[in-house]
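Below is one structure, written out as structure tokens; comments come after it.
FYI, it's all coordinate maths here, none of it is from the lab. The structure presented is a predicted model; accordingly, all values stated were derived computationally and were not measured. All Cβ positions, glycine included, derive from the backbone under ideal geometry; neighbour counts span all protein chains shown.
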Amino acid sequence: MTLLQACEWLGSSSIGTAIRTSKWGFALIEMVHLLALALFGGTLLISALHSCGVIFKGSPPGAIARELGAAQLASLLAMIVSGILLFADGPLRYYANAAFRVKLLLIAAAVLTGLLSRFRGEAKVAALLSVTLWLGAAVAGRAIGVL
Amino acid sequence: MTLVQLACQWLADTAIGTRIRESDNLFSVIETVHVLGIVLIAGTIAIVDLRILGILLKRQSVGAVLGSLVKIAWFGFAVMASSGLLLFWSEADKLYLNPAFRLKMILLLLAGANRWAFHRAHDSGIAAWSAPATVPRRARLAAIVSLSLWTGIIVLGRAIAYW
């Protein structure tokens, strides 16, 4: 099955059809997506600012990121699940959308940066790179609806 | 037409309002900045509230969390309010009549009042809240109210476009 065929299948699946035909389904899922984004953005930024020595200066390196890790992961999962549901509304439309493609690439790079930074590298650089990539993903996300 | 409605109509008809409304991308660009501002203020306020409730950052004192995040929250507020003003400027006549927008403004005022009352009542005692059990019940209630209001603000903000 090619990617395009998978998109066709998802769009015609019962989930895709249910979201497309429901009056408020898409809007409600979008709201969950935004709420999760707010919590995710907050935890990401605070961890990054701590890594850069701007806030919580008395806490050892990595302590704030560890304490916020569960909330960050939970909000990321909420964004992914709600994002997949939004995608199911019209997979073929998104498949062809340049902003959507850029957004997925930026998310992949951001997640990879987050995973790699746990094993090696400069925490400050990884934090700034993460914030930049996620910022790009958010901007690309808004652009999906404009293109 | 009421006086407020006339003022909104006038605002939307000004050169700046017309420019934002008729530009290809300006509205979307400002809207993106607006969303990022909301992420900054709502994200940091949510973390402060979750700390007050003893859910996040339990090893940091409430005072330390507030001290670290309050500047970010105010910065987010400045971004959100200035971009929001520009968005309102371009659609003031329509937004005045939009029920989601009206309710959102009321919730924003309530969120501000709740925060103000919280600081007025608790600022002198926050330093003593080290263990979760020492956070007064009223402060926990204020945190729950704040989380609910900000959830409502984000939901209604998205709902404006559907009206």
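Descriptive notes on the structure:
- When A:GLY58 is tested against (1) free of Cβ contacts under 8 Å to residues at least 40 places away in the same chain; (2) surrounded by 15 or more Cβ atoms within 10 Å (Cβ to Cβ); (3) within 8 Å of chain B (Cβ to nearest Cβ), only condition (2) is not met.
- The condition of being touching an Asp or Glu at 6+ places or on another chain (Cβ under 8 Å), part of a helix (DSSP H, G or I) and away from every other protein chain (no Cβ under 11 Å) holds for A:GLY16.
- A Cβ distance below 8 Å, combined with a sequence gap of six or more or placement on separate chains, defines the contacts here; from segment B:35-46, residues that are within 7 Å of chain A (Cβ to nearest Cβ) reach residues that are assigned to a helix (DSSP H, G or I) and among the charged types (D, E, K, R) in the pairs B:VAL35/A:ARG142.
- Subset of segment B:62-119 [among the charged types (D, E, K, R) and crowded, with 19+ Cβ neighbours inside 10 Å]: B:GLU91, B:LYS104
- Residue among B:LEU50, B:LEU57 that is touching a helix residue (DSSP H, G or I) at 6+ places or on another chain (Cβ under 9 Å) and in contact (Cβ under 8 Å) with a residue 24 or more places away in the chain: B:LEU50
- Scope segment B:17-37; condition touching a Leu at 6+ places or on another chain (Cβ under 8 Å) and of a type in the set (Val, Ile, Thr); matching residues: B:ILE20, B:ILE30, B:VAL35
- Test: residue in segment A:89-109 that is crowded, with 17+ Cβ neighbours inside 10 Å, among the acidic types (Asp, Glu) and either within 24 Å of B:ALA161 (Cα to Cα) or under 15 Å from the mean Cα position of the chain (by Cα) (or both): yes
- Checking each residue in segment A:61-76 for being at the interface with another protein chain (Cβ under 7 Å from one of its Cβ atoms), of a type in the set (A, V, I, L, M) and surrounded by 21 or more Cβ atoms within 10 Å (Cβ to Cβ) picks out only A:LEU68.
- Residue check, A:GLY42 in contact with a Ser or Thr (Cβ under 6 Å, 6 or more places away or on another chain) and within 13 Å of chain B (Cβ to nearest Cβ): yes
- Residues located in segment B:25-45, provided they are of a type in the set (Gly, Ala, Ser) and farther than 12 Å from A:PHE40 by Cα: B:SER28, B:GLY37
- Test: residue in segment A:116-124 that is assigned to a helix (DSSP H, G or I), of a type outside the set (Lys, Arg) and buried (at least 19 other Cβ atoms within 10 Å of the Cβ): no
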